[in-house]
Amino acid sequence: MIRKLKQCCSQAISWFTPERLERAVVLVKVCLVIGIFLCPVWLLHLYVYSARVRELPLSLALSFLTAQGSTVVLQLVISCALKKREEVRSKSAEQALPAIRACLAAQAGGDHRHKELQRYSVWHQAEVEQCLTAFLSAVDGHARERLTQLAIHLGFRARWQQLAVSGGVVQKRHAAHCLGLLSAWAARPVLRQMLSDRSPLVQSAASLSLLKLGAAEDIEDVFRFSLQAQLLVRAMLAGALRPHALLLRERAIPRELTGKNPRPVLTALEMAEAWRVPLSLASLIPLLLHADPRIRATAIRLLPLNGLDDEVELWVLAGLADPQETVRAAAASAASRMRMISSIPALERLIDEAGDELMNEALRALATMGSEGWEILERNILAPDRRIAAKAAEALAMAQIKPALAHL
Amino acid sequence: MDYELLDIYAHRVYFFFESGIILYVFLINTIYFFLTIMAYFLMRKHHAVFSPAEQDTLLASPLMPSISLIVPAYNEAMTVRESAGCMLRLNYPNYEVVVVNDGSKDDTLKILIEEFRLYKSARSANGTLPTKPVRDVYESLDPIRLVVVDKENGGKADSINAGINMASSPLVMVVDSDSLIERDGLLQMVKPYLEDPERVIAIGGTVRAVNDCEVLHGRVRNIRPSFSWLANFQAVEYLRAFFGGRVGFSLINSLLIISGAFGLFRRDAVLEAGGFEESTIGEDMELVVRMHHLWRRKKKPYRIVYLAQPVCWTEVPQSWKILHRQRKRWQRGTVESLWRHREMLLHPRFGAVGLFAFSYFFCFEMLGPAVEFLGYFLTIMGLIFRIIAPSIAILFFTVSIMGGILLSTSSLLLEEYTDCRYPDWRHSLRLSIAAIVENFGFRQVLTFWRVQGLIDGIKGKKGGWGAMERRGFNVVHKS
């Protein structure tokens, strides 16, 4: 009995995924707000109108009217007040900004303007923060060090650190961005801690900031982290890690390629492909024999970056005979990029035997092979299969028009 | 004696009906209010647009999925230059624009050919959705990724399908040719897909009224309410519909509408679902409902998401005649989509979609206008013939009209707290006035039109492209 109860409890707990929990919390909040709105309606009906108006519907209507009317007026006032406040604030900020900027410039240049800036930060904290982050992102070396000290002195670093731990997603991202502008010693521990945040956007913001700090160890760690992260984070980091691609090629990528888990291996290959970084044949060959066809396909697509030689040619030809369609398509694409004339017979075979994607790839590859490939395409334009004929005509036209367009 | 008894019974029946309608209207408004408040909490929490630094990183990223923008166009000579230009200037690293000219009778194709230096290309379709014959495919001589498909007239759904066939990207975005997407719209829109590429099959964004806003280089500048009150009423209505309804339904993965003017779909999912349905007038809603239907039936995990931040600006009708046609068409589309998939209604197999969203749409969006209209009719008749007490009439109008005002102003406030596209307080005031005034007359007229649409839908009346009288964007030219 107890075991069953435990089982039920654990099932109930596991049913509450973070997504469902969020929904439940929102629903409770909404019910509370509706309750807060309906309470005055009921109270008005009970204590104000029912005593004066005999008819129940009229009393209810009047209660509703009063509550709704007040809410509408309140909303309108709040709406306009918000705008007005923003207007006033931006006007006052406009006046303060030049002085703050001047102080910060002097501070960065070697003057001591702590007191003045502290005074400004009492009334214009947001503006001081805005200018400080703008300056921090523009300076380096000694000036950055001085501004980092200033950020610590004015309490901004402490605030950002606090936000990094306890704020919402937006605040955490802001904190990560600001911390990444400080000198490495002042921000690194918090940023590394933020890599384990629940939100992928916070993770990526922390990773980007760590990359800005520029330590080689951090770069490799961020790369490793990106391999396990979701596509959004990977997409962001792929762009940011690109300048470090050559560094990563030396040690981090080959190390990851030898792992047993196929996902990081595939992701590492995709990153290398996206950066167009050639990987050594020695590290690619085991992957060309990998059990996972996605890994085989990506590895084949990386082969042309090493240039055409006998060994590469053999592997591409082997790829064209792979049992998996995606691998054959990747091999066709590789053959096309290297203009591998020896692949023409295999490519011609692929036109008839395969699905749409592979057929397209084979035809496009043939279009890059010069007159020998073009002859095959011309023959296929007359093929009875209309799909093949149309795609062959398209590939041929593209191959012939492209140089003309480039000339234009 | 008998007459007296009959009279009493008639009064009771009338009262019963009237009370039922009041309860119904109260329920609709409460649900809308519920959804609006829900949207407030969700938008506050998820208002996580990319920061400029993140945008820069994403723009430089080689891993961003490519997107094909499908722009169906029929007699759009007035706006196609601006909107195609705007779509070619979006901030996204990897996308192409596929404009589908659906046999326009005006100069749409000619303008496109001249403006973008198009030549006849040999490009052929990649997809297999059945469409009307494609006459020619054009591409640009300039280094821009623009494809123009010229095909025989077949309707909007047919044009979108032709565009999907021609698309070469894993993601397709359907955009109206009279709409302007914000520069970062694509980047924002693709976020849910990047977060969950396996499950997310469709993403909808917000559509807003662009009337009288300034357009510079295909970009909406100086956002302000229109000088026309009719356009402002619709601007408020759009806010209410998008912020109020869709955020809440998106939370429980039961979103039934993704606007045809601004929706991102996974191409393989659209092909699997069979593309846009040509025989229905509300092809956007029908596709989304069909996707729910199929994916739930196959028990495949999926998500259909609505995002409030990416905005597509569209010209709303400023003439009553066009608005009348549009609203009748929309209502007919709703009826057709819901009727086609009526199997989902209250069916536990379809989860929250069948139990909540579908039944909500069936009871309130489809039948709501008829009940509301009946409410106005019965109340006025009841007052004239003294069948109901004035207090009942007051209660009805309070629940109906004041409830409507509360909803509209709540949506405006929601916009203020989260998106805030109207920075000037005078603009807020103007829209607030519109939010109040629209409930006296405009809403009732819309209700009547929607009843007409409902009747047309039940009759099974067919229709093609919704012809819209274009005024063109308020384009400013600055050196």
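Inspect all residues belonging to the range B:113-122 and state whether any of them is at pLDDT below 90 and touching a helix residue (DSSP H, G or I) at 6+ places or on another chain (Cβ under 6 Å).
Scanning the range B:113-122 turns up at least one residue that is at pLDDT below 90 and touching a helix residue (DSSP H, G or I) at 6+ places or on another chain (Cβ under 6 Å).
May I ask you to list the residues in the range B:27-70 that are of a type in the set (S, T, N, Q) and part of a helix (DSSP H, G or I)?
Correct list: B:N29, B:T30, B:T36, B:Q55, B:T57.
Listed residues A:P200, A:P189, A:P98; which is out of contact with any strand residue (DSSP E or B) (no Cβ under 6 Å at 6 or more places or on another chain) and under 22 Å from B:P52 (Cα atoms)?
So the residue among A:P200, A:P189, A:P98 that is out of contact with any strand residue (DSSP E or B) (no Cβ under 6 Å at 6 or more places or on another chain) and under 22 Å from B:P52 (Cα atoms) is A:P200.
Inside the range B:379-474, counting only helices (runs of 4 or more DSSP H) that do not spill past its ends, which hold 1 or more residues that are under 30 Å from B:V49 (Cα atoms), of a type in the set (A, V, I, L, M) and at pLDDT below 90?
Answer list for the range B:379-474: B:403-418, B:425-437.
Okay, residues lined up against (1) of a type in the set (F, W, Y); (2) at the interface with another protein chain (Cβ under 8 Å from one of its Cβ atoms); (3) touching a helix residue (DSSP H, G or I) at 6+ places or on another chain (Cβ under 6 Å):
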{"residue": "B:L412", "(1), (2), (3)": "no, yes, yes"}
{"residue": "B:C420", "(1), (2), (3)": "no, no, no"}
{"residue": "B:P423", "(1), (2), (3)": "no, yes, no"}
{"residue": "B:S428", "(1), (2), (3)": "no, yes, yes"}
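Residues being more than 14 Å from every other protein chain (Cβ to nearest Cβ), buried (at least 23 other Cβ atoms within 10 Å of the Cβ) and in a helix (DSSP H, G or I): count how many of those fall in the range B:246-283.
Number satisfying all stated conditions: 3.
Out of A:L191, A:L201, which single residue is free of Cβ contacts under 8 Å to residues at least 40 places away in the same chain and surrounded by 24 or more Cβ atoms within 10 Å (Cβ to Cβ)?
Checking each option against the conditions leaves just A:L191.
I need every pair where a residue in the range B:278-292 that is touching a residue at least 40 places away in the same chain (Cβ under 8 Å) has its Cβ under 7 Å from the Cβ of a residue that is of a type in the set (V, I, T) and in a helix (DSSP H, G or I), sequence separation at least 6 or different chains.
Within 7 Å, the pairs are B:G282/B:T334; B:M285/B:T334; B:H292/B:V353.
Quick one: B:S169 ticks every box in (1) farther than 16 Å from B:P310 by Cα; (2) more than 14 Å from every other protein chain (Cβ to nearest Cβ); (3) in a loop (DSSP other than H, G, I, E, B); (4) not aromatic (F, W, Y) bar one, so which box is it?
It fails just one condition, (2).
Can you list residue pairs whose Cβ atoms sit under 9 Å apart, with the first residue in the range B:377-388 being in contact (Cβ under 8 Å) with a residue 12 or more places away in the chain and the second being of a type in the set (D, E, K, R)? Count only pairs 6 or more apart in sequence or on different chains.
Close Cβ pairs (under 9 Å, with a partner that is of a type in the set (D, E, K, R)) amount to B:L378/B:E18; B:T379/B:E18; B:G382/B:E18; B:I387/B:E18; B:I388/B:E18.
Of the residues that sit in the range A:204-234 and are aliphatic (A, V, I, L, M) and under 18 Å from B:Q188 (Cα atoms), which one is surrounded by the most Cβ atoms within 10 Å (Cβ to Cβ)?
The residue in question is A:A205.
Please go through the range A:111-154 and give me each residue that is assigned to a helix (DSSP H, G or I), within 20 Å of A:R89 (Cβ to Cβ) and touching a helix residue (DSSP H, G or I) at 6+ places or on another chain (Cβ under 7 Å), ordered by number.
A:L117, A:Y120, A:S121, A:E127, A:V128, A:E129, A:C131, A:L132, A:T133
Evaluate the range B:199-217: report whether one residue or more is over 20 Å from the mean Cα position of the chain (by Cα) and either within 14 Å of another protein chain (Cβ to nearest Cβ) or modelled with pLDDT of 95 or more (or both).
Yes: one or more hits.
Could you check, for the range B:109-121, whether at least one of its residues is under 19 Å from B:G155 (Cβ atoms), within 23 Å of the chain's Cα centre (by Cα), more than 14 Å from every other protein chain (Cβ to nearest Cβ) and buried (at least 20 other Cβ atoms within 10 Å of the Cβ)?
No, there is no match, as no residue in the range B:109-121 is under 19 Å from B:G155 (Cβ atoms), within 23 Å of the chain's Cα centre (by Cα), more than 14 Å from every other protein chain (Cβ to nearest Cβ) and buried (at least 20 other Cβ atoms within 10 Å of the Cβ).
Among the listed residues A:L246, A:L237, identify the single one that is surrounded by 17 or more Cβ atoms within 10 Å (Cβ to Cβ), touching a residue at least 24 places away in the same chain (Cβ under 8 Å) and assigned by TED's automatic domain parsing to the domain that holds A:V169.
Only one candidate qualifies: A:L237.
Could you list, in sequence order, the residues of the range A:378-396 that are closer than 19 Å to A:G355 by Cβ and away from chain B (no Cβ under 11 Å)?
If the condition is that a residue be closer than 19 Å to A:G355 by Cβ and away from chain B (no Cβ under 11 Å), then A:N380, A:A383, A:P384, A:D385 are the ones that fit.
Wholly within the range A:167-269, which helices (runs of 4 or more DSSP H) include no fewer than the required count, namely at least 1 residues that are away from chain B (no Cβ under 14 Å) and β-branched (V, I, T)?
A:184-194, A:216-228, A:252-257
Has the range A:121-133 got at least one residue that is over 30 Å from A:L44 (Cα atoms) and within 14 Å of another protein chain (Cβ to nearest Cβ)?
For the range A:121-133, residues over 30 Å from A:L44 (Cα atoms) and within 14 Å of another protein chain (Cβ to nearest Cβ): present.
Give the residue, chosen from A:L97, A:L117, A:L60, A:L104, that is on the phi < 0 side of the Ramachandran plot and either exposed (fewer than 14 other Cβ atoms within 10 Å of the Cβ) or in contact with a Lys or Arg (Cβ under 8 Å, 6 or more places away or on another chain) (or both).
A:L104
Pick out the one residue from B:G351, B:G403 that is over 30 Å from B:P225 (Cβ atoms) and within 14 Å of another protein chain (Cβ to nearest Cβ).
One residue alone meets the criteria, B:G351.
Can you tell me how many residues within the range A:249-285 are under 16 Å from A:A331 (Cα atoms), surrounded by fewer than 19 Cβ atoms within 10 Å (Cβ to Cβ) and not hydrophobic (A, V, I, L, M, F, W, C)?
Qualifying residue count, the range A:249-285: 1.
Could you say whether any residue in the range A:45-57 is closer than 21 Å to B:R44 by Cα, within 14 Å of chain B (Cβ to nearest Cβ) and in a helix (DSSP H, G or I)?
no
Which one of these does A:L82 not meet: (1) under 23 Å from B:T418 (Cα atoms); (2) touching an Asp or Glu at 6+ places or on another chain (Cβ under 7 Å); (3) in contact (Cβ under 8 Å) with a residue 24 or more places away in the chain?
Of the numbered conditions (1) under 23 Å from B:T418 (Cα atoms); (2) touching an Asp or Glu at 6+ places or on another chain (Cβ under 7 Å); (3) in contact (Cβ under 8 Å) with a residue 24 or more places away in the chain, the odd one out for A:L82 is (3).
What pairs can you find where one residue is in the range A:22-36 and closer than 21 Å to B:I28 by Cβ and more than 10 Å from chain B (Cβ to nearest Cβ), the other is assigned to a helix (DSSP H, G or I) and charged (D, E, K, R), and their Cβ atoms are less than 7 Å apart, with a gap of 6+ or different chains?
From residues that are closer than 21 Å to B:I28 by Cβ and more than 10 Å from chain B (Cβ to nearest Cβ), there are no pairs.
Taking B:A60 as the residue in question, decide whether it is touching a residue at least 24 places away in the same chain (Cβ under 8 Å) and over 30 Å from A:I34 (Cα atoms).
Yes; evaluated as a whole, the condition is true for this residue.
I'm trying to understand the selection: among the residues of the range B:74-102, which are aromatic (F, W, Y) and either in a strand (DSSP E or B) or under 22 Å from B:G154 (Cα atoms) (or both)?
Selection gives B:Y74, B:Y95.
Please count how many residues of the range A:270-287 are within 13 Å of chain B (Cβ to nearest Cβ) and part of a helix (DSSP H, G or I).
6
Any idea how many residues of the range B:33-80 are among the hydroxyl-bearing types (S, T, Y) and within 7 Å of chain A (Cβ to nearest Cβ)?
Matching residues across the range B:33-80 total 3.
Going by the conditions given, is A:A175 in contact with a Gly (Cβ under 7 Å, 6 or more places away or on another chain) and assigned by TED's automatic domain parsing to the domain that holds A:V233?
Judged against the criteria, A:A175 is a match.
The values are calculated or read from the model by the stated rules, or taken from the named source; none is laboratory data. This one's a predicted model, so the numbers in the text were calculated from it and none came from an experiment. Here Cβ is always computed from backbone atoms with ideal geometry, including for glycine, and neighbour counts include all displayed protein chains.
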